[in-house]
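> Here it is: the structure, laid out below.
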Amino acid sequence: MTRKLILLGLVVASQPALAGGFEAKTSRETLAAREVERPLILGKGWLEFGLGTDVKVATGEWSPAGEPVDWTDTTWLYTTESVRVRYGITRRDELYWDFNTHYVKLTNGNTDEPLTDFGLGDPHFGYRYEVFRSRAPLTSIVVLADYKAPLGNEAPGNYVGGPYTFSRVVMSTGTPDVTLGVRGKRQFGPVALTLGAAYVRRFSGIAQWAIETEYNQFNARVKPGDERVVDGSLLVQLGPVALDGGAVLRTRDAFKYGNSVEGPQPGAELKTWEGSDGWSLDSVFGLTFNATRGVDLVLGARVPLRGEDLQFWPLEDVQPTRGNTYSGTVEFRY
């Protein structure tokens, strides 16, 4: 009997320990408590939820020469409400999803009532892979791929009153984008330098907002110009607060439009919209408060320094209006 009890005790003691749903995950990779020491991927086993908003108040646009032009008695409010989910698959890679909505308001002194609208934005799905990392000091280099799905509203109205009827605000080009890029971060004590470069391939598609009034073809094919993006920022860690500032340079190819043609390339004969290409330069500023290892508060501002002639209002992701953008995000990690 004593021998049986001893064997039973050994069997019970050898059972694996299973963590509960709300217990700390022992398989998680170590995450630094300060932003300056964190790599460009989240890390194995970590799940992050970011709840944020961007608010832009535009009071002008850009001339064909890239000079600022002020509006008269007109204000354009453009907000983005977002939910971002990140998950570290392994020690080297992560997946992320961005889901957005937009609230917009156009106020004009010549009208009694402002034009307002609310709708879905275009979601993003992305993947990052870390090709190199070193610690003390940190060096992190990643390659990334991002896909923008055309989910937002692309119809300005139902055309019951004619092709110029305008009852909704267009919030999407109605076409998909694919971005390929590389980013690197290097730490120098309490300072970190981050550099990035990306190419945005913008595909053609049938857009409901593109109206051909001459032939009454309400759904034309459009192709926004491809983009090249280069950015850099410098971060300084001051206790639990990280301050950063930098710039974003973006060049755009010309916009194309027209009718689809038969064959494997339906957009092969699209016409070029003259003057729709160009470049833009924005300055960016940010503040990150590392409340705990699992909670961050991120504040930011984007100030445009140079842009293109606004020919596609209100398509902010093609040629943005001129105005400062202020953002705030709360990040929760488990």
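The values are calculated or read from the model by the stated rules, or taken from the named source; none is laboratory data. Here the structure is a predicted model, which is why all the values come from computation and not from measurement. Note that we place each Cβ from the backbone using ideal geometry, even for glycine, and neighbour counts take in every protein chain shown.
> Suppose we filter the stretch 180-204 for residues that are assigned to a strand (DSSP E or B), among the hydroxyl-bearing types (Ser, Thr, Tyr) and over 20 Å from PRO39 (Cβ atoms); how many remain?
Adding up the residues that qualify gives 1.
> A further question follows. I'm trying to understand the selection: among the residues of the stretch 60-70, which are surrounded by fewer than 16 Cβ atoms within 10 Å (Cβ to Cβ) and not charged (D, E, K, R)?
SER63, PRO64, ALA65, GLY66, PRO68, VAL69 - these are the residues of the stretch 60-70 that are surrounded by fewer than 16 Cβ atoms within 10 Å (Cβ to Cβ) and not charged (D, E, K, R).
> If you check TYR78 against the conditions, is it of a type outside the set (S, T, N, Q), farther than 30 Å from GLU61 by Cα and surrounded by 15 or more Cβ atoms within 10 Å (Cβ to Cβ)?
no
> Could you please let me know if PRO114 is out of contact with any helix residue (DSSP H, G or I) (no Cβ under 8 Å at 6 or more places or on another chain), surrounded by fewer than 17 Cβ atoms within 10 Å (Cβ to Cβ) and not polar (S, T, N, Q)? Steps first, please.
Details: out of contact with any helix residue (DSSP H, G or I) (no Cβ under 8 Å at 6 or more places or on another chain): yes; surrounded by fewer than 17 Cβ atoms within 10 Å (Cβ to Cβ): yes; not polar (S, T, N, Q): yes.
In short, yes.
> Sticking with this structure for a sec: Quick check on my filter: what residues within the stretch 248-262 are of a type outside the set (Gly, Ala, Ser) and either in contact with a Pro (Cβ under 7 Å, 6 or more places away or on another chain) or outside any strand (DSSP E or B) (or both)?
Result: ASP253, PHE255, ASN259, VAL261, GLU262.
> While we're on this one: Hey, does the stretch 42-65 have a residue that's more than 25 Å from SER327 (Cα to Cα) and without any contact (Cβ under 8 Å) to a residue 24 or more places away in the chain?
The answer is yes; a qualifying residue exists.
> Continuing with this model, one more query. All but one of (1) assigned to a loop (DSSP other than H, G, I, E, B); (2) modelled with pLDDT under 95 hold for THR116; which doesn't?
Answer for THR116: the failing condition is (1).
> For THR90, state whether it is loosely packed, with under 10 Cβ neighbours inside 10 Å, assigned to a loop (DSSP other than H, G, I, E, B) and modelled with pLDDT of 85 or more.
No; evaluated as a whole, the condition is false for this residue.
> Any residue at all in the stretch 286-308 that's assigned to a loop (DSSP other than H, G, I, E, B) and closer than 29 Å to ASP226 by Cα?
The answer is yes; a qualifying residue exists.
> Within the set of pairs 6 or more residues apart or between chains, which connect a residue that is within 16 Å of ASN219 (Cβ to Cβ) and at pLDDT below 65 inside the stretch 159-184 to a residue that is among the polar types (S, T, N, Q) and outside any strand (DSSP E or B) with Cβ atoms less than 6 Å apart?
Pairs that qualify, where the first residue is within 16 Å of ASN219 (Cβ to Cβ) and at pLDDT below 65 and the partner is among the polar types (S, T, N, Q) and outside any strand (DSSP E or B), are TYR159/THR165; PRO163/THR213.
> Determine which member of the set ARG302, ARG306 is modelled with pLDDT of 90 or more and more than 19 Å from the chain's Cα centre (by Cα).
Going through ARG302, ARG306 in turn, just one is modelled with pLDDT of 90 or more and more than 19 Å from the chain's Cα centre (by Cα): ARG306.
> A further question on this structure: Can you give me the number of residues within the stretch 26-65 that are closer than 17 Å to TRP313 by Cβ and not polar (S, T, N, Q)?
First pass over the stretch 26-65, keeping only residues closer than 17 Å to TRP313 by Cβ: 56-64.
Next, from what is left, pick out any that are not polar (S, T, N, Q): 56-58, 60-62, 64.
Residues that pass the stated criteria total 7.
> If LEU234 satisfies every condition in (1) assigned to a loop (DSSP other than H, G, I, E, B); (2) more than 21 Å from ASP122 (Cβ to Cβ) but one, which is the exception?
With (1) assigned to a loop (DSSP other than H, G, I, E, B); (2) more than 21 Å from ASP122 (Cβ to Cβ) applied to LEU234, the lone miss is (1).
> Among the candidates PRO123, PRO137, PRO156, which residue alone is surrounded by 16 or more Cβ atoms within 10 Å (Cβ to Cβ), in contact with a Lys or Arg (Cβ under 8 Å, 6 or more places away or on another chain) and over 18 Å from GLY50 (Cα atoms)? Steps first, answer last, please.
Numbers: PRO123 fails: over 18 Å from GLY50 (Cα atoms); PRO137 fails: surrounded by 16 or more Cβ atoms within 10 Å (Cβ to Cβ).
Exactly one of PRO123, PRO137, PRO156 is surrounded by 16 or more Cβ atoms within 10 Å (Cβ to Cβ), in contact with a Lys or Arg (Cβ under 8 Å, 6 or more places away or on another chain) and over 18 Å from GLY50 (Cα atoms), namely PRO156.
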